[in-house]
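Peer 1: Could you have a look at this structure, given as structure tokens, before my questions?
Readers should treat all values here as calculations from the given coordinates under stated rules, not as data from a laboratory. The model shown is predicted, which means the values in this text are computed figures rather than measured ones. All Cβ positions, glycine included, derive from the backbone under ideal geometry; neighbour counts span all protein chains shown.
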């Protein structure tokens, strides 16, 4: 072992000791390169998910059925943009620019949550997204509020605080529809049928198949495993569905007295893989919308920079 | 028309302006040139929809036929809408959206400033509350006119084109009809024609600073106060009203 | 990280005073072409729930930060100056709150 490796080992041991002692890691602290890369991957994916996630709900913004619902949905989608921004901002502290992250998204190198590759077909989907998708996201995010990386944890705290209304507004839409006309009730059930399984997939592969999980847990980037979080979500959601009088599309779903938790059926991982690898109904559209917004907006950003430069030059001249 | 009918019509004009422009801005959500602008433009849209809700609710109460904000928003056809033609025009590119916003923000500020002293206390209250929001909208769109006008050659050209394309919609904002005159006499309404010099002064100065040319007054269109709209409004309403029209018995 | 990012809008750090009487606190960052845009963007991004009464924006590249390696020389020397803390002094209860 040469002196340099020795040094690295020492730094890494100190780093791990700090993490173990529940101390937060801050941007300028030494960190293993793999820790940095793992965070960049996870945080940028998280940011991309917020921003791409604006699109499926945005699809109903112009058709919201009341002015109140329109305002609420608009505020919610705006929050998602804000959350994307907080997360990009936190990721930038790791030494990657937002443009680089966009580039990775646009070239397919970076992923975003597969859930947003499903279409929103009726107004009930807006309810289902708030109730289920945001519910799952919140379950994940609460665990991340104690993440070892300071900027990520702080962004998550802010996001969790702001998102508390998102799930409630979704559930309220579902409640109104489940108690509404026959057609509305059918829409609500249909939305639950279509969004239930993709939502469970949001927690990622089973722990036994999750390669990155163990290391992320050790680094305290993740605080709870995929399966633990998924179970937590299901246990919280089943009674909510019962209250709505809607049926969760899983025949194997059953309360297990012994475990004190719900047993549930197997997720169709083939579908998950298919959607991840580009075969969801909306993969291409979602990505294209983001690329169009970014590339199509370049002349606007360029103009703003050019104007700022001119103004600075004028000011310098005047001084 | 009775006094009540006229006030109802007047409130619709104000509320419809806010709603139609808010609806147009909603179309940008998720598609603006940068994330920060998405949040900014949504804030403007949210303010406008908030104004529309207050104004349409009040309009419905004045009318006294049990129509609430949603009944008015989702169950009127094109001929019954009173929004300015400018506001229903499609978003186009970012320059066009900003030109539309810039023209209207400067107008709406002057309009609501005057309305904030209306003898109708409820209307005065809504105007006063909205005025702070509009001041911010005006700042936002003015900043973009300057940046795009005096930015790059490309942005300058796009901005000038947008100004030119929308210029003929400007005169309609300052039109006075019998309803306006009657409500002006009653101390409820305001003289929009008298707002024009202040609007011109502000807009001229900003266009000049942005190195943009003020277009010739070579054309103008009108008709919204009589419910005569461009073809674009029909599509906007078809989209906006779809659910309420398709499921008239449902509550959402 | 090879992509040319020279045409990216500069990064600004945002500090917000949530109410009078409190310090400005760092809340995050955003991109803007100049300080005016940074200020209005900060308003739109970071005060959507009336979280602030005053905003500061600073270009990120203008911030000078201490580095973690300085921690020893910067902060540890004060660790042994316990006499700077009120609990260092033992006063009888009869004196009351001081």
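Peer 1: As an exercise, use a Förster radius of 45 Å and the Cβ-Cβ distance of residue A:258 and residue A:14 to find the FRET efficiency, rounded to the nearest 0.05.
Peer 2: 0.55
Peer 1: How much length would be gained if the chain were fully extended between residue C:23 and residue C:90, taking 0.36 nm per residue of separation minus their Cα-Cα distance, in nm to one decimal?
Peer 2: 21.0 nm
Peer 1: Moving on to the next point. Whole percent per 5 Å bin, from 0 to the bin with the longest distance: what is P(r) over all C-alpha pairs of region B:120-252?
Peer 2: Cα pair-distance distribution for region B:120-252, in percent: 2, 8, 11, 15, 16, 17, 15, 9, 5, 2, 0.
Peer 1: If you don't mind, another one. Could you work out the relative contact order of region C:3-90? I mean the mean sequence separation of Cα pairs under 8 Å and 6+ apart, divided by the number of residues, in percent.
Peer 2: Over region C:3-90, the number comes to 29 percent.
Peer 1: So between residue B:91 and residue B:238, what do we pick up on full extension, going 0.36 nm a residue minus the alpha carbon distance?
Peer 2: Working it through step by step, the gained length comes to 51.3 nm.
Peer 1: Order the peptides B:168-178, A:73-83, A:252-262 from the highest to the lowest mean number of other Cβ atoms within 10 Å of their residues.
Peer 2: Ranking, from highest mean packing down: A:73-83, B:168-178, A:252-262.
Peer 1: Can you give the Kirkwood hydrodynamic radius for region A:1-142, in Å, rounded to one decimal and based on Cα pairs?
Peer 2: Roughly 17.4 Å, rounded to one decimal.
Peer 1: While we're looking at this one, here's another question. What FRET efficiency do you get for residue A:251 and residue A:6 if R0 is 51 Å and r is their Cβ-Cβ distance, rounded to the nearest 0.05?
Peer 2: Here the calculated transfer efficiency is 0.30.
Peer 1: Also: Using label points projected 7 Å from each Cα along Cα→Cβ, tell me how many nm separate residue A:235 and residue A:266, to one decimal.
Peer 2: My value for the distance between the label points is 2.5 nm.
Peer 1: Could you work out the pair-distance distribution P(r) of region B:78-132 from its alpha-carbon pairs, with 10 angstrom bin width and percents rounded to whole numbers?
Peer 2: Pair shares across the bins are 23, 36, 35, 7, 0.
Peer 1: May I pose another question? Label point 7 Å out from residue C:58 along Cα-to-Cβ: which residues of region C:74-88 have amide N under 16 Å?
Peer 2: Answer for region C:74-88: none.
Peer 1: Taking the Cα atoms only, what angle lies between the long axis of helix B:35-63 and the longest principal axis of chain B, rounded to 10 degrees?
Peer 2: It works out to around 30 degrees.
Peer 1: Further question on the same structure: Plugging the Kirkwood radius over Cα pairs into Stokes-Einstein for chain B, at a temperature of 4 °C and a viscosity of 1.567 mPa s, what D comes out in µm²/s?
Peer 2: The diffusion coefficient I find is 70 µm²/s.
Peer 1: Further question: Taking all pairs of different Cα atoms in chain A, averaging 1/r and flipping that mean, what Kirkwood radius in angstroms comes out?
Peer 2: Evaluated on chain A, it is 21.5 Å.
Peer 1: Distance from the Cα centre of region A:253-281 to that of region A:43-85, in angstrom?
Peer 2: If you average the Cα positions of each part, the centres end up 26 Å apart.
Peer 1: Could you line up A:268, B:164, C:90, A:33 from fewest to most neighbouring Cβ atoms inside 10 Å?
Peer 2: The fewest-first ordering by Cβ neighbours comes to C:90, A:33, A:268, B:164.
Peer 1: Could I have the simple spin-label model distance between residue C:97 and residue A:279, label points 7 Å from Cα toward Cβ, reported in nm to one decimal?
Peer 2: Using points 7 Å along Cα→Cβ, the separation is 7.1 nm.
Peer 1: Related question: List residues of region A:88-111, by number, whose backbone nitrogen lies under 12 Å from a label position 7 Å along Cα→C-beta of residue C:65.
Peer 2: Zone members listed by number: A:90-96.
Peer 1: Sort region A:241-319 into rounded, prolate or oblate with this rule: let a ≥ b ≥ c be the square roots of the eigenvalues of the Cα gyration tensor; rounded if a/c is under 1.5, and if a/c is not under 1.5, prolate when a/b is larger than b/c, oblate otherwise.
Peer 2: Judged from the Cα gyration tensor, region A:241-319 comes out prolate (a/c at least 1.5, a/b above b/c).
Peer 1: Sorting A:126, C:27, C:64 on the 10 Å Cβ count, fewest up front, what's the list?
Peer 2: Exposure proxy ranking, most exposed first: C:64, C:27, A:126.
Peer 1: Continuing with the same structure: Order of A:248, B:163 from fewest to most other C-beta atoms within 10 Å?
Peer 2: A:248, B:163
Peer 1: Quantify how much of the Cα-Cα distance distribution of region A:184-245 extends past 14 Å, in percent.
Peer 2: 65
Peer 1: Could you tell me the center-to-center distance, by alpha carbons, between region A:287-302 and region B:106-120 in angstrom?
Peer 2: When both Cα centres are located, 37 Å separates them.
Peer 1: Ok, one more. Over chain B, what is the mean sequence separation of C-alpha contacts under 8 Å (at least six apart), divided by residue count, expressed as relative contact order in percent?
Peer 2: Reported as a whole number, the value is 24 percent.
Peer 1: Here is a further query. Quick check: residue separation of residue A:182 and residue A:36 times 0.36 nm, minus the Cα distance between them. What number comes out in nm?
Peer 2: Net length gain for the segment: 47.4 nm.
Peer 1: Another question, if that's okay. For chain C, take the longest principal axis of its alpha carbons; what is the angle in degrees between that and the long axis of helix C:35-46, to the nearest 10 within 0 to 90?
Peer 2: The angle comes out at about 70 degrees.
Peer 1: Give, in whole angstrom and from largest to smallest, the semi-axes √(5λ) of the equivalent ellipsoid of region B:20-162, with λ running over the eigenvalues of the Cα gyration tensor.
Peer 2: Those come to 29, 17, 13 Å.
Peer 1: What nm distance separates the two modelled labels at residue A:157 and residue B:121, each placed 7 Å from Cα along Cα→Cβ?
Peer 2: 4.6
Peer 1: Further, regarding this structure: Give me the one-decimal Kirkwood hydrodynamic radius in Å for the protein assembly as shown, with the sum taken over alpha-carbon pairs.
Peer 2: Answer for the protein assembly as shown: a Kirkwood hydrodynamic radius of 27.7 Å.
Peer 1: For region A:111-250, report the % of Cα-Cα distances exceeding 27 Å.
Peer 2: For region A:111-250, the share of Cα pairs beyond 27 Å comes to 24 percent.
Peer 1: If you consider only alpha-carbon coordinates, what radius of gyration and Dmax does region C:3-90 have, in Å?
Peer 2: According to the Cα coordinates of region C:3-90, Rg and Dmax are 18.5, 62 Å.
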